[in-house]
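Participant: Let me begin by handing over the structure; questions about it come next.
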Amino acid sequence: MFKDNIDIITLFEERHASIATKYDEFHAATCADNEVRIVFFRINKPTIAIGKQQNLNIADTSIEVIRKLTKGTAVIFTGKEISFTVICGKDTMNSTVPSVKHREFMTLINDILNTNYTKSTVLVDTGSRHGYLPYGCFNALTKNEISYNGRKLVGSSFTRVEDKLVGHVMMYMEPSYEELYKYLPSEAEHTVKPISLQEINVYTTVKEFMQLFKERVMDEQLS
């Protein structure tokens, strides 16, 4: 998954909603060539993040709206999700193709879920967007993402930022994804349905999952 002799840094940060994207820009700019930086985060108030190239207008001014550093479509942060950014320096990767690295990380996450919590999550192999509408990230199942009984459990988007690879990964601990429907066109709710960890009887915390993820990444480096 990674080359030898690299630095893997895992951290957690509280982000202010109005400048949440600036944190990712900072980490992408300062991540060393031989470093993998994994940043778990929580945004300090409800926030909608739309994709870098997404054409979506949120007219409601009662909620903070930001634009992600990666592509993809909209997600909502309410503090009831596990969310993190991965930044890979140019000298850390055996493959520099975003889709290959995307699959490696999502395979790792699926292994964590199946080893520690459930035996029923599936890494999606199809390249199509089932029921896709250009609104919510969790309203489409795409290749290299994770589902449970046909419902999307883990969303992600990986892209290149200059000579680094940047990815966002997110899963909802509770069905707070429903909050997003208040701000999207009504037909968005009738596409592919998301599912939360709570709905499959998985109860964890950001701290616990962060530790499992860190250990698994270190194992990959040693193997």
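Participant: Of the numbered conditions (1) over 21 Å from Pro98 (Cα atoms); (2) assigned to a loop (DSSP other than H, G, I, E, B); (3) basic (Lys, Arg), Lys71 satisfies every one except a single condition; which is it?
Facilitator: Unmet for Lys71, out of (1) over 21 Å from Pro98 (Cα atoms); (2) assigned to a loop (DSSP other than H, G, I, E, B); (3) basic (Lys, Arg): (1).
Participant: Could you list all residues from region 74-108 that are in contact with a Leu (Cβ under 9 Å, 6 or more places away or on another chain), closer than 18 Å to Met210 by Cβ and assigned to a helix (DSSP H, G or I)?
Facilitator: Met106
Participant: What are the residues in region 83-108 that are free of Cβ contacts under 8 Å to residues at least 40 places away in the same chain and either of a type in the set (Lys, Arg) or out of contact with any Lys or Arg (no Cβ under 8 Å at 6 or more places or on another chain) (or both), if any?
Facilitator: Passing the criteria: Val97, Val100, Thr107.
Participant: Within region 26-35, how many residues are touching a Gly at 6+ places or on another chain (Cβ under 9 Å) and either surrounded by 14 or more Cβ atoms within 10 Å (Cβ to Cβ) or part of a helix (DSSP H, G or I) (or both)?
Facilitator: 4
Participant: Scanning for something of a type in the set (S, T, N, Q), assigned to a loop (DSSP other than H, G, I, E, B) and within 18 Å of Gly155 (Cβ to Cβ), does region 6-25 turn up at least one residue?
Facilitator: No: zero hits.
Participant: Identify, by number, the condition in (1) in contact with a helix residue (DSSP H, G or I) (Cβ under 9 Å, 6 or more places away or on another chain); (2) modelled with pLDDT of 90 or more that Glu145 doesn't meet.
Facilitator: (2)
Participant: A further question on this structure: Of all residues in region 153-173 being among the β-branched types (Val, Ile, Thr) and closer than 14 Å to Asp33 by Cα, which is modelled with the highest pLDDT? Give the steps one after another, and end with the answer.
Facilitator: Here is the first cut: in region 153-173, the residues among the β-branched types (Val, Ile, Thr) are 154, 159, 161, 166, 169.
Keeping just the survivors that are closer than 14 Å to Asp33 by Cα gives 161, 166.
Numbers: Val161: 89, Val166: 93.
Checked region 153-173; the qualifying residue modelled with the highest pLDDT is Val166.
Participant: Can I ask one more? Any residue at all in region 122-135 that's among the aliphatic types (A, V, I, L, M), outside any loop (DSSP other than H, G, I, E, B) and either within 22 Å of Tyr183 (Cα to Cα) or modelled with pLDDT of 90 or more (or both)? I'd like the intermediate steps shown before the answer.
Facilitator: To start, the set of residues in region 122-135 that are among the aliphatic types (A, V, I, L, M) comprises 122-124, 133.
Then keep just the ones that are outside any loop (DSSP other than H, G, I, E, B); that gives 122-123.
Narrowing further to those that are either within 22 Å of Tyr183 (Cα to Cα) or modelled with pLDDT of 90 or more (or both): none.
There is no residue in region 122-135 that is among the aliphatic types (A, V, I, L, M), outside any loop (DSSP other than H, G, I, E, B) and either within 22 Å of Tyr183 (Cα to Cα) or modelled with pLDDT of 90 or more (or both).
Participant: Please work out which one of (1) in contact with a Gly (Cβ under 8 Å, 6 or more places away or on another chain); (2) among the aliphatic types (A, V, I, L, M); (3) not in a loop (DSSP other than H, G, I, E, B) is the condition Leu184 fails and give its number.
Facilitator: Among (1) in contact with a Gly (Cβ under 8 Å, 6 or more places away or on another chain); (2) among the aliphatic types (A, V, I, L, M); (3) not in a loop (DSSP other than H, G, I, E, B), the lone unmet condition for Leu184 is (3).
Participant: Which of the residues belonging to region 24-50 are of a type in the set (S, T, N, Q) and within 16 Å of Ile66 (Cα to Cα)?
Facilitator: Narrowing region 24-50 to residues of a type in the set (S, T, N, Q): 30, 34, 44, 47.
Of everything in region 24-50, those that are of a type in the set (S, T, N, Q) and within 16 Å of Ile66 (Cα to Cα) turn out to be Asn44, Thr47.
Participant: In region 65-87, is there at least one residue being at pLDDT below 95, among the basic types (Lys, Arg), under 25 Å from Val206 (Cβ atoms) and buried (at least 19 other Cβ atoms within 10 Å of the Cβ)?
Facilitator: yes
The values are calculated or read from the model by the stated rules, or taken from the named source; none is laboratory data. Predicted model, so just to flag it, every value in this text is computed and none were measured. Heads up, the Cβs are rebuilt from the backbone with ideal geometry, glycines too, and the neighbour counts pull from every protein chain shown.
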